[in-house]
Amino acid sequence: MSGPNWITEKSYHNTFSMGFKVKAHLHSEKSPYQQIDVFDTDAVGKLLLLDGKTMVSDKDEFVYHEVVSHIPCMVARSVKKVLIIGGGDGGVVREFVKHPEIERIDLVEIDERVIEVSKIYFPHCTSGLSDKRVRVLPQDGFAFIKKAKKEYDIIVVDSTDPVDFASGLFTDEFYQDVFNALTDEGIMMNQTENPFLDEWGIKNIYNNMRRVFPIVYSFNAPMLIYPGVFWTFGFSSKKYRPTDLNPNKIPFMTLLQRNLSWYNMDWHKSAFSLSNFHKKLIGQES
Ligand code: SAM
């Protein structure tokens, strides 16, 4: 289906795209970095697109934001400082704010306009940005990370796809800088694309992560608005495996997970049991 009442996202690798029936085009602007659009849709509520690519929707935003935050929080033995690179919609910050042990959350987003537009149309995502522990730093994450040394317990790379100013965020040079910026037990989380639609890209991302981190795992979670819905994420760590849950945090999470929409500890433990298809594409032994 297409037509004046439909928006079709920019195609993924020129091969695939998804469409949404539109109720209203709420916002359109060209920031110094990218085209920013917000639509109201029947299927997913409000939908943010950057340079024509789907980023966040009311309907499914909780999946991405909960998995990249609560998984590492439940594995790390201590979380004092967290860094999010990208993530201008604020959803990942909102989830980290739920952990009282965290003292500082740095959000390094290259495009301030994404933050401002999200405050207007996705206030349920940006609600954590006013927390006293949060610092919003409008900078290029690729340059920022080079200055940090053994500082962060968790780093989340919540970026756009590997093109233009985000392409550096998928290289082994960048992963080495992330490794250096992490404490001795640090964990990196990142989104690693759709393996059905980007076989070469996903292999490359996991090869790059393995060149740097001793422990690299993958999992998937459905992202309704991303091309093909089947979305993968990476867990790279210096010391702990993703299924090594911190026993001291189980009582806290038993309470918190009652109020989460996707994450719970049973899902967490099973998420790293992968299909043969997924294992093969990321080069994990069966
Ligand atoms: N969770 C959604 C996803 O991954 O599709 C949305 C992520 S968030 C909106 C992606 C953000 O990464 C964008 O706002 C973009 O401006 C930001 N970004 C891209 N490259 C960046 C860079 N080099 N440094 C900091 N932020 C960057």
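Looking at the range 44-74 only, could you name the residues that are over 29 Å from Lys249 (Cβ atoms) and not in a loop (DSSP other than H, G, I, E, B)?
If the condition is that a residue be over 29 Å from Lys249 (Cβ atoms) and not in a loop (DSSP other than H, G, I, E, B), then Gly45, Lys46, Leu47, Leu48, Leu49, Leu50, Lys53, Thr54, Met55, Ser57 are the ones that fit.
For residues that are out of contact with any Pro (no Cβ under 7 Å at 6 or more places or on another chain), crowded, with 22+ Cβ neighbours inside 10 Å and of a type outside the set (Asp, Glu), tally how many sit in the range 127-158. Spell out the reasoning first.
Taking the range 127-158 and keeping what is out of contact with any Pro (no Cβ under 7 Å at 6 or more places or on another chain), we get 127-153, 155-158.
Those still in the list that are crowded, with 22+ Cβ neighbours inside 10 Å too: 141, 145, 152-153, 155-158.
In the following step, the residues that additionally are of a type outside the set (Asp, Glu) were identified as 141, 145, 152, 155-157.
Here the count works out to 6.
So, in the range 89-145, exactly how many residues are over 24 Å from Phe165 (Cβ atoms), within 15 Å of the chain's Cα centre (by Cα) and of a type in the set (A, V, I, L, M)?
Within the range 89-145, residues that are over 24 Å from Phe165 (Cβ atoms), within 15 Å of the chain's Cα centre (by Cα) and of a type in the set (A, V, I, L, M) number 0.
Out of the range 1-47, which residues are within 23 Å of Gly88 (Cα to Cα) and of a type in the set (S, T, N, Q)?
Those that are within 23 Å of Gly88 (Cα to Cα) and of a type in the set (S, T, N, Q): Thr8, Ser11, Ser28, Ser31, Gln34, Gln35, Thr41.
Kindly provide the set of residues from the range 196-207 that are over 26 Å from Phe39 (Cβ atoms) and either within 16 Å of the ligand (Cβ to nearest atom) or β-branched (Val, Ile, Thr) (or both), ordered by number. Working first, answer last.
At the first step, the residues of the range 196-207 found to be over 26 Å from Phe39 (Cβ atoms) are 199-207.
Residues satisfying the conditions are Gly201, Ile202, Ile205.
How many residues are at positive phi and either near the ligand (Cβ under 10 Å from one of its atoms) or touching a Cys at 6+ places or on another chain (Cβ under 6 Å) (or both) if we restrict to the range 144-166? Talk me through it step by step, then tell me what you get.
Within the range 144-166, the subset at positive phi is 150, 164.
Narrowing the set further to residues that are either near the ligand (Cβ under 10 Å from one of its atoms) or touching a Cys at 6+ places or on another chain (Cβ under 6 Å) (or both) leaves 164.
Number satisfying all stated conditions: 1.
For the range 9-43, which positions are part of a strand (DSSP E or B), surrounded by 14 or more Cβ atoms within 10 Å (Cβ to Cβ) and among the hydroxyl-bearing types (Ser, Thr, Tyr)?
Across the range 9-43, the qualifying residues are Tyr12, Thr41.
For the structure I just gave you, tell me whether Gly186 is buried (at least 22 other Cβ atoms within 10 Å of the Cβ), more than 17 Å from Gln284 (Cα to Cα) and touching a residue at least 24 places away in the same chain (Cβ under 8 Å).
Numbers: buried (at least 22 other Cβ atoms within 10 Å of the Cβ): yes; more than 17 Å from Gln284 (Cα to Cα): yes; touching a residue at least 24 places away in the same chain (Cβ under 8 Å): yes.
Yes; evaluated as a whole, the condition is true for this residue.
Can you pull out every residue in the range 144-163 that is closer than 27 Å to Asn14 by Cα, of a type in the set (Asp, Glu) and outside any loop (DSSP other than H, G, I, E, B)?
Kept after step one, since they are closer than 27 Å to Asn14 by Cα, are these residues of the range 144-163: 157-163.
The next check asks that each one be of a type in the set (Asp, Glu); those that pass are 158, 161.
Asp158 - this is the single residue of the range 144-163 that is closer than 27 Å to Asn14 by Cα, of a type in the set (Asp, Glu) and outside any loop (DSSP other than H, G, I, E, B).
Quick one: which helices (runs of 4 or more DSSP H) lie wholly within the range 175-286 and hold at least 3 residues that are over 19 Å from the mean Cα position of the chain (by Cα), hydrophobic (A, V, I, L, M, F, W, C) and closer than 23 Å to Glu61 by Cβ?
On the way: elements: 199-212, 250-256, 265-271, 276-282.
Hits in the range 175-286: 250-256.
Where a number appears in this text, it was derived from the coordinates with a stated rule and is not lab data. These numbers were taken from a predicted model, which means no experiment stands behind them. Cβ: placed from backbone, ideal geometry, glycine included. Neighbour counts: every protein chain shown.
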